[in-house]
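The values are calculated or read from the model by the stated rules, or taken from the named source; none is laboratory data. Here the structure is a predicted model, which means the values were calculated and not measured. Quick reminder, even Gly has a Cβ in these numbers, built from the backbone with ideal geometry, and neighbours come from all protein chains shown. Keep in mind that these areas ignore ligands, DNA and RNA; they rest on the heavy atoms of the full protein, side chains included. Shrake-Rupley method; radii C 1.70, N 1.55, O 1.52, S 1.80 Å.
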Amino acid sequence: MPAAAALDTTIAVVTPENIAFEYQLAGPFRRLPAYLIDVIARWIIMAAVILGMWIVGGMIRMSALQAYMLAATFLLYFVFTNFYGTLMESYFNGKTIGKWACGIRVVGTDGGPIDFRQALLRNLIRIADLAPYVVLNDVNEEIPPIFFLPVGVVGLVTMLCTRRMQRLGDLACGTMVIVDERNWELPVSKIEDPRVAALASYLPADYRFSRSMSRTLAVYVERRQYLTPARRREIARKLTTPLMDQFDFRPDIDPDLLMLALYHRNFLWNEGDDSADLSALNGFSPLAKDQSAEEPPIAAAVSESVTPVSALSPAATTQDAASEPAG
Amino acid sequence: MNVAKILEQRRIQWQELEQLCDAMEMRGRTGRTSKAQHQGAAGVSRFATLYRAACADLALADSYHLPPGTVAYLHRLVARAHSQLYRSNRFDPSVWFDILFYQAPQQIFADPCVRVATLLFFGLFTLSMVLGANDDWFPGFADAVVGNQQLEAMEQMYDQPLFSVDNQTSSLDHYISMSGFYIMHNTGIGLRCFAWGILIIPCLFTLAQNAVILGASFGYMARDGVGGSDNFFHFVTAHGPFELTAIALAAAAGLRIGVGWFSTGGLTRLDSIKRSATRSVPIITASVTLFVLAAFTEGFISPSPLPYLFKAGWAIASSALISFYFVVLGFPRAVADQTLVSEQD
């Protein structure tokens, strides 16, 4: 397969272990909600801390403390507005509360973790990313001229223009925001149709599957449950027609079934396991030389016989394993 | 080759790695709740083993003919374990000591951006202070720049003495709480100057605007017959050197990033921005340190009943300290040059 640049938002990273793995980038539509959640969370935390401080101060009842507490309130406000993201990201491995809620994370462009320096830079430069600001008293004369509403066009434009969807702050410190997957299901297809294993036993023993062939088969079987039977045959026919000639198979075999048989042979076949139960075929032979007048039972549409199961439940795993030789 | 069987064997280890990741994602290490072999050194070693195994599986996925769904799963698993193995570094004091006392002065001394920002800030500040102070020659300058209401409010605020015998707590309280506000406000200006630096023009604008407003206010308060001017200078003298230098430095650090857009030194623009941002970190660190020093001065010395002589002495001492820091520590040295060059290029 040619190493074409991916069209989607995955980005490959080479680790010190010399493994190339992929991250999925988080775009503006994941990052904006995360930022808004962060703003709200910041206000809630700040309100809680300040309220707690004043309640404790009220219980102590030292009037001399009041001025210091007012000063501390200002300082807390300052620290929370400017360093919330920095502290969160450097202590929680690239996550803030909003990022955690939206399932995203900040990493370096090399896939490594971010350090305090990067967290500081990217959070301070956020002010420039949120530009331009709309002055609210232009809209309504009543509003005092202290309210500025960030529009965030600068960050949005740079995000759209860069390959890794970075805003200015990310560009300056070499970070990117990636999707942190939390859905851990290993998709494995299992084939229940008993005719598949039988048909697979008719495939020539010396047939070798190329890489692209394996990949195509796997994609087909994973996707096939979303297709109607007619569509499955239409897609499968492209691949199976030359194969039927090659294997000397009858031309009226269901292409979908043949694809499943190929998948079974490639992924589920045990070496030296030739004891497939041929009774499912009802004495039918798919080979062209055995073609007889009888109606081929195999041309019938195969119903929903492939179900992806979650690898996580042990019950499904054992059932999966047990069903293969039986098929 | 039976892929299902391979998956069956490997999946047990992958699940174990997932469990370890689950435990580590919460606290950065496996907790007491997890299994015995996942705790302490044994857990670390087990995690490393499982991670390497998963890496190998991913590398071999192609030759195993693993289905794409499984490969995607492995990519996610390896990425997840990778970000646990290489976690973000927390605050390291020794690195920051090096940045603050070694890199920052050298960088500040050598950086033309610092000169531009300092000249712009202190030049405009002095100019508008002169303009604001002479109401006969330049009538209405301070009013036009700062605004009448603002000036009156300031005058009123400093009208009450810093410290008086009969009413000591209330007026001291007032200045202490106001110093909290000033720290927030002035450091905020500095950080805004820094952030805007990546776009250059807003940075220069913010810096100039603040220089003019501050200068005009200072000039206005220095006029004869303005109420509270003694208290004002009593209040601002001690922390002035730290705070004003810090604002100029923050803008300089911002400009350093912004200059990276066009002064690329042969790099691509993005790499140049990244490099200039790295170079700006020591400057902004020095600026933040100065802001912190200014904050302590502003909180404890400026509003205190100490005599003006002490506060003026403090201002002179802090100016001397800043000069020492910038010039003596920052003077280019042969050894320092080599490390700086190797670090920057």
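Brief remarks follow.
- Taking amide H as placed 1.01 Å from N in the peptide plane, A:Ile104 has its amide H under 5 Å from the amide H of A:Asp180, each at least 5 places away in sequence or on another chain.
- Relative packing of B:248-254, B:56-62, which averages over residues the other C-beta atoms within 10 Å, highest first: B:248-254, B:56-62
- Remark: chain B carries 46 Å² of accessible area per residue (probe radius 1.4 Å; ligands, DNA and RNA excluded).
- Quotient of C-alpha Rg and 2.2 N^0.38 Å, computed over region B:94-329: 1.08
- By accessible area with a 1.4 Å probe, ligands and nucleic acids excluded, highest first: order of A:Thr10, A:Thr240: A:Thr10, A:Thr240
- Note on region B:81-131 and region A:107-132: Cα centroid distance 16 Å, given to the nearest whole angstrom.
- The residue among B:Pro112, B:Met154, B:Gly313 whose Cα reaches farthest toward the positive pole of the charge dipole of region B:94-329, with charges on the beta-carbon of Lys, Arg, Asp and Glu, is B:Pro112.
- Simple rule: put +1 on each Lys or Arg Cβ and -1 on each Asp or Glu Cβ in region B:94-329, find the dipole, and look at B:Tyr102, B:Phe232, B:Phe300; the Cα lying farthest toward the positive end is B:Tyr102.
- For B:3-9, mean number of other protein chain Cβ atoms within 10 Å: 6
- Between A and B, roughly 6200 Å² of accessible area is buried in total, ligands, DNA and RNA not counted and the probe set to 1.4 Å.
- Residues of region A:74-89 buried by at least 40 Å² on assembly (accessible area, 1.4 Å probe, chain alone as reference): A:Phe74, A:Leu75, A:Phe78
- Peptide B:15-24 shows a mean partner chain C-beta count of 1 within 10 Å per residue C-beta.
- Sorting the segments B:6-14, A:22-30, A:50-58 by their residues' average number of neighbouring beta-carbon atoms within 10 angstrom, most packed first, yields A:22-30, B:6-14, A:50-58.
- Cβ crowding within 10 Å averaged over residues, with B:222-234, A:116-128 ranked highest first: A:116-128, B:222-234
- Note on A:Tyr207: accessible area is roughly 50 Å² with a 1.4 Å probe, heavy atoms of protein only.
- Region A:190-273 shape via C-alpha gyration tensor axes, a/c threshold 1.5: rounded
- Per residue of B:197-206, other chain Cβ atoms within 10 Å of the residue Cβ number 3 on average.
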